[in-house]
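Heads up: the structure comes next, in structure tokens.
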Amino acid sequence: MYASRTPPESPPCETCRVELAAENEETAAVYMVTRRQYITAGQNNVPVDISIPAIKIVMDLRGVKDQESCLSRVQRVWHHFNNERGEE
């Protein structure tokens, strides 16, 4: 939200609560349940991707209608936060 402002600004705090747009609530709910269900690789068990079967199960349980879009969005969110974790 703040990054897309002109000029870009930093949020006032790291713990500020973000109000989700209605169209993002379903994706966020699926992400929150599946975010720790990931696939690892290498000797260090580095997370490389989120588990698609886990996402599918949660979408089915929650009755998600547009599962293709939801899957794509959950994957993008997971990769965003996984990349942030790697930059620390």
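Inspection of region 68-77 identifies no residue that is of a type in the set (Ser, Thr, Tyr), out of contact with any His (no Cβ under 8 Å at 6 or more places or on another chain) and surrounded by 15 or more Cβ atoms within 10 Å (Cβ to Cβ).
Residues are listed down the side, and each one gets a yes or a no for (1) among the hydrophobic types (A, V, I, L, M, F, W, C); (2) farther than 11 Å from GLU26 by Cβ:
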{"position": "GLN43", "(1), (2)": "no, yes"}
{"position": "ALA54", "(1), (2)": "yes, yes"}
{"position": "MET59", "(1), (2)": "yes, no"}
{"position": "GLY63", "(1), (2)": "no, no"}
{"position": "ASP66", "(1), (2)": "no, no"}
{"position": "SER69", "(1), (2)": "no, no"}
{"position": "VAL74", "(1), (2)": "yes, no"}
{"position": "HIS80", "(1), (2)": "no, yes"}
{"position": "ARG85", "(1), (2)": "no, yes"}
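One residue stands out among those in region 14-65 that are within 16 Å of GLU84 (Cβ to Cβ), among the charged types (D, E, K, R) and part of a loop (DSSP other than H, G, I, E, B): the one that is least open to solvent (accessible area, probe 1.4 Å), which is ARG35. Only one entry of ILE50, ILE39 meets the criterion of being touching a helix residue (DSSP H, G or I) at 6+ places or on another chain (Cβ under 7 Å) and at pLDDT 90 or above, and that entry is ILE50.
The values are calculated or read from the model by the stated rules, or taken from the named source; none is laboratory data. Source: prediction; values computed, not measured. Cβ sites come from the backbone with ideal geometry, for glycine too, and all protein chains shown count toward neighbours. For the accessible areas, the whole protein counts, side chains as well, though only heavy atoms, and no ligand, DNA or RNA atoms are used. Shrake-Rupley method; radii C 1.70, N 1.55, O 1.52, S 1.80 Å.
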